[in-house]
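See below for the structure under consideration.
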Amino acid sequence: MSVPVFLTSGAAEFRYVVLTEQNGKDISADTAKVALIPVGQRPNTDTDWLAPDSDAPQTVKSRRVLGLFIDNIATWPAGEYYLWGRISDNPEVVPRRAPTIVVVA
């Protein structure tokens, strides 16, 4: 069980989701996307997905660590969210959810 991350009063930070291709395929050059979605929902449409703000190169080419810069002022209304990530390629990596709830207040 993870502890929620609280962002309040103009606070902002990066949150990360790790994606791994289960068969060891190199996904280092594939298109990566992230989504910040309210708890209890899943990303449904292409408009839910954004380019990551951070995509750190990995030694293991079948793994990606994607980051999204989250602040509570302009983009994200108050609420509880999960960060999701996916790789858009053939075969596409199934969307994965990061375990930590992000609370924007």
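The values are calculated or read from the model by the stated rules, or taken from the named source; none is laboratory data. Small disclaimer: the values here were computed from a predicted structure and weren't measured. For neighbour counting, all protein chains shown are included, and Cβ atoms are generated from backbone atoms with ideal geometry for every residue, glycine included.
Let's see how each residue does on (1) surrounded by 15 or more Cβ atoms within 10 Å (Cβ to Cβ); (2) farther than 18 Å from LEU7 by Cα; (3) acidic (Asp, Glu):
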| site | (1), (2), (3) |
| --- | --- |
| GLU21 | yes, yes, yes |
| ILE27 | yes, yes, no |
| ASN44 | no, yes, no |
| THR47 | no, yes, no |
| ALA56 | no, yes, no |
| LYS61 | no, yes, no |
| TYR82 | yes, no, no |
| ALA105 | no, no, no |
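Spot the failing condition for LEU83; the list is (1) of a type in the set (A, V, I, L, M, F, W, C); (2) within 13 Å of VAL103 (Cβ to Cβ); (3) modelled with pLDDT under 90, and only one is missed.
All conditions pass for LEU83, except number (3).
Output the residue which, of all residues in region 36-62 that are at pLDDT 90 or above and of a type in the set (D, E, K, R), is farthest from the chain's Cα centre (by Cα).
LYS61
Of the residues in region 63-80, how many are more than 10 Å from the chain's Cα centre (by Cα) and more than 18 Å from PRO4 (Cα to Cα)?
5
For region 63-80, how many residues are at pLDDT 90 or above, more than 11 Å from ALA35 (Cα to Cα) and buried (at least 20 other Cβ atoms within 10 Å of the Cβ)? Spell out the reasoning first.
So in region 63-80, the residues at pLDDT 90 or above come out as 63-68.
Those left that are additionally more than 11 Å from ALA35 (Cα to Cα): 63-65.
Add one more test, that the residue is buried (at least 20 other Cβ atoms within 10 Å of the Cβ), and what stays is 64.
Adding up the residues that qualify gives 1.
Scan region 37-57 and report the pairs whose first residue is touching a residue at least 40 places away in the same chain (Cβ under 8 Å) and whose second residue is small (Gly, Ala, Ser), with Cβ atoms within less than 6 Å and a gap of 6+ or a chain change.
Listed pairs, sorted by first residue: PRO38/GLY79; PRO43/ALA35; SER54/GLY67.
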